[in-house]
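Participant: Okay, handing you the structure first.
The values are calculated or read from the model by the stated rules, or taken from the named source; none is laboratory data. Source: prediction; values computed, not measured. No Cβ is skipped: glycine too gets one built from the backbone with ideal geometry, and neighbour counts run over all protein chains shown. For the accessible areas, the whole protein counts, side chains as well, though only heavy atoms, and no ligand, DNA or RNA atoms are used. Shrake-Rupley method; radii C 1.70, N 1.55, O 1.52, S 1.80 Å.
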Amino acid sequence: MDYRAFFDRSIQNLKTEGRYRNFANLERLAGQFPKALFHDTSGISREVTIWCSNDYLGMGQNPKVLNAMHDAINKCGAGAGGTRNISGTTKYIVDLESSLADLHHKEAALVFPSGYTANEGALSTITKLLPDCHVFSDDLNHASMIHGIRDGKSTKHIYKHNDLNHLEDLLKAAPTHAPKLIAFESVYSMEGDIAPIKDICDLADKYNAMTYLDEVHAVGVYGPRGGGVAEERGLMDRIDMIEGTFGKAYGLMGGFITGNASIIDAVRSYSGNFIFTTALPPVLCAGALASVEYLKTSSVERDIVKANSKLLKYKLNTIGLSYLPGDSHIVPLMIGDSTCCKAITDWLLHEYNIYVQPINYPTVPKGTERMRLTATAVHTEVHINELVSSLWKLWTENHELMNARVA
């Protein structure tokens, strides 16, 4: 077999379908977010505005975060020294877990190297340990949740996105005495909508199911202390396990779970994803701790995100561009064709110095391709006006071409 030719064809297939992913070479500019330097393949650099960042609150450049990280790296050096069970359980990571447990009013927390490994490790471990467990998973749950549930090898039921009637039908049909777990997200990042958390908790109580809530796109942004949508709605005490990340609103890297002490200890003791992975280094834990603690008391950044998201949606409405009308801070601008989506984002980058990554299959279903726009706390009204004006120019000047591509 000609292995190289096989993989060349595989890549060419992606390019033909308009799904090949080009990664922009970006250099973020601390103190100037959402500005960054874009380095093109010819070696020329120019300033661009990022419109698809998950650093929702601009904490990646917050002085308290940066100072904490400088202090930690000066004290402890660069690495963690190993896995948590060998040499990587530093004071920084212990303090961070204590802060996270306090954030969600839970007994314990456990930090992972990423949000992906947190979901994968926690869900696979819990569902393996529970005998004959039945898992009920939202149709649009993140790949990390799907991976964890699959690895747990439990009986899986997929309910239609945010469809309470379908979820109840599945719960009702499951064996009465079997352990049950409902896994769902608060903010769905590709749809921009929010789960009916209270109603799901009501069903969990009715059918004696555990609840596992992914709050990765919500922690920091929602709630009086940044605990997420469950905190904002007064529902944290009804959630058995909450999962989050430092890689989005907290501006860093890493993931975590919180819950009662016995569940967290079980994941710590049984999860291969946790046991055999090098721990987060002190520098990242120090930054994450500073970010979490800062956002427990500061609502300034949250208020700006909400105002900017509202303004962006209003401006898009005024020019008649279609986006999914969710209640969150995320604005999915619908395109509906992979080639067209890639063309628009390329035009924005090369003609208007605006960077947005196209969202194509398999991240979203074919025919629902989109641009996922995030108006962060460091965007201004000037930035919003520039984006909307550029989109309007592209739409009016290339209307026939875009229609032809979508058709």
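Participant: How far apart, in nanometres, would the label points at residue 261 and residue 156 be if each is projected 7 angstrom from Cα along the Cα-to-Cβ direction?
Facilitator: The modelled label-to-label distance comes out at 3.4 nm.
Participant: Additional query: Among 203, 30, 143, whose Cα projects farthest towards the positive end of the dipole of the chain, with charges put on the beta-carbon of Lys, Arg (+1) and Asp, Glu (-1)?
Facilitator: Result: 30.
Participant: Restricting to bridges with both residues inside the chain, how much of the DSSP beta-bridge set is antiparallel, in percent to the nearest 5?
Facilitator: DSSP beta bridges in the chain are roughly 60 percent antiparallel.
Participant: Treating only the Cβ atoms of Lys and Arg (+1) and Asp and Glu (-1) as charged, compute the dipole magnitude of the chain about its Cα centre; round to the nearest 20 debye.
Facilitator: Approximately 480 debye in magnitude.
Participant: Which number do you get for Rg(Cα) / (2.2 N^0.38 Å) in segment 251-343?
Facilitator: 1.62
Participant: Evaluate 2.2 N^0.38 Å with N set to the residue count of segment 1-129, then give the Cα radius of gyration divided by it.
Facilitator: Against the empirical 2.2 N^0.38 Å value, I get 1.50 for segment 1-129.
Participant: For segment 14-59, what Kirkwood radius comes out of the mean inverse Cα-Cα distance, in Å? Don't skip to the answer; put the middle values down first.
Facilitator: Working: mean 1/r = 0.0820 Å⁻¹.
It works out to 12.2 Å.
Participant: Which of the aspartates and glutamates could be linked to residue 35 by a straight reach, that is with a Cα gap under 14 Å, when you skip same-chain ones fewer than 8 residues away?
Facilitator: Straight-line reach from residue 35, under 14 Å: 27, 47, 55, 386.
Participant: Further question: How many nm is it between the label spots at residue 95 and residue 205, if each spot is 7 Å from the Cα in line with the beta carbon?
Facilitator: Placing both labels 7 Å along Cα→Cβ, they lie 3.9 nm apart.
Participant: Charges on Cβ only, +1 for Lys and Arg, -1 for Asp and Glu, centred on the Cα centroid of the chain; of 316, 304, 373, which one is farthest towards the dipole's positive end?
Facilitator: Of the options given, the answer is 373.
Participant: Which ³J(HN,Hα) values, rounded to whole Hz and listed in residue order, are derived for segment 149-159 from phi using the Karplus coefficients 6.51, -1.76 and 1.60 in 6.51 cos²θ - 1.76 cosθ + 1.60 with θ = phi - 60°, glycine and proline given as x?
Facilitator: Values per residue, Gly and Pro as x: 5, 4, 5, x, 6, 8, 6, 10, 10, 9, 9 Hz.
Participant: Moving on to the next point. Rounded to the nearest whole Å², what accessible area per residue is found for the chain with the 1.4 Å probe?
Facilitator: Result: 44 Å² per residue.
Participant: If you don't mind, another one. Compare the peptides 373-384, 171-182 by average per-residue count of other Cβ atoms within 10 angstrom and give them in order, highest first.
Facilitator: For the peptides 373-384, 171-182, the packing ranking is 373-384, 171-182.
Participant: With all distinct Cα pairs included, what does the Kirkwood hydrodynamic radius of segment 175-284 come out to in Å, to one decimal, could you say?
Facilitator: 15.1
Participant: Residue by residue through segment 377-389, what is 3J(HN,Hα) from phi via Karplus (6.51 cos²θ - 1.76 cosθ + 1.60, θ = phi - 60°)? Round to whole Hz and write x for glycine and proline.
Facilitator: Listing the rounded values in order: 5, 9, 7, 10, 4, 4, 4, 4, 5, 5, 5, 5, 4 Hz.
Participant: Moving to a separate point now. Which pairs in the list 172/206; 156/180; 180/206; 106/128; 64/296 are over 18 Å apart, alpha-carbon to alpha-carbon?
Facilitator: 106/128
Participant: Which three extents, in whole angstrom, do the alpha-carbon atoms of segment 272-407 cover along their principal axes, largest first?
Facilitator: If we take the Cα atoms of segment 272-407, the spans are 54, 37, 28 Å.
Participant: So how long is each side of segment 147-227 along the principal axes, counting just the alpha-carbon atoms, biggest first, in Å?
Facilitator: 38, 27, 22 Å, listed from the longest principal axis down.
Participant: How high is the relative contact order of the chain, given as a whole-number percent (alpha carbon pairs under 8 Å, six or more residues apart)?
Facilitator: Numbers: 788 pairs, mean separation 87.8, N = 407.
With pairs under 8 Å counted, the relative contact order is 22 percent.
Participant: Keeping the other protein chains in place, figure out the carbon and sulfur percent of the accessible area of the chain, with a 1.4 Å probe.
Facilitator: 53
Participant: Compute the long axis of helix 338-352 from its Cα atoms, compare it with the longest principal axis of the Cα atoms of the chain, and write down the angle in degrees, 0 to 90, nearest 10.
Facilitator: The answer is roughly 70 degrees.
Participant: When the helices in the chain are scored as -39500 (n - 2.57) per DSSP H run of 4 or longer and the sum is shared across all residues, what 222 nm value do you end up with, to the nearest 500 deg cm²/dmol?
Facilitator: The helix-only estimate for the chain comes to -13500 deg cm²/dmol at 222 nm.
Participant: D for segment 48-200, whole µm²/s, Stokes-Einstein with Kirkwood Rh over alpha-carbon pairs at 25 °C and 0.890 mPa s: what number?
Facilitator: The calculation lands on 133 µm²/s.
Participant: Related question: Enumerate the amide H contacts of residue 211 below 5 Å, restricted to partners 5 or more residues apart or on another chain; note that Pro and chain-start residues carry no placed amide H.
Facilitator: The list, which skips near neighbours in sequence, is 182, 240, 241.
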